[in-house]
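Remarks on the structure that follows.
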Amino acid sequence: MDLASAKMIGAGIAVIALMGVGVGIGNIFSTLIASIARNPAARNEVFGIGILGFALTEAVALFALLIAFLILFT
């Protein structure tokens, strides 16, 4: 196996984390919508926590993408 093939395989494995991030973001927002639907008065408290969860989950996606790009272009 040459170096280019190994880089492509490594980057593909690193990008698998993006699937988990997609599931996590969907779970965060579905729970956010369900909690606001059950108790609309708690929207201001719950919304900030949901956005924080989204930002932290999205950071994992950016780290995975960064690792994939580092594998490909170094």
### Query
Restricting attention to region 1-26, which residues are assigned to a helix (DSSP H, G or I), over 11 Å from the mean Cα position of the chain (by Cα) and surrounded by fewer than 15 Cβ atoms within 10 Å (Cβ to Cβ)?
L3, A4, S5, A6, M8, I9, G12, I13
#### Entry: A34 vs. criteria modelled with pLDDT of 95 or more, part of a helix (DSSP H, G or I) and farther than 22 Å from L66 by Cβ
yes
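The values are calculated or read from the model by the stated rules, or taken from the named source; none is laboratory data. Model, not experiment: these values are computed from the prediction. For neighbour counting, all protein chains shown are included, and Cβ atoms are generated from backbone atoms with ideal geometry for every residue, glycine included.
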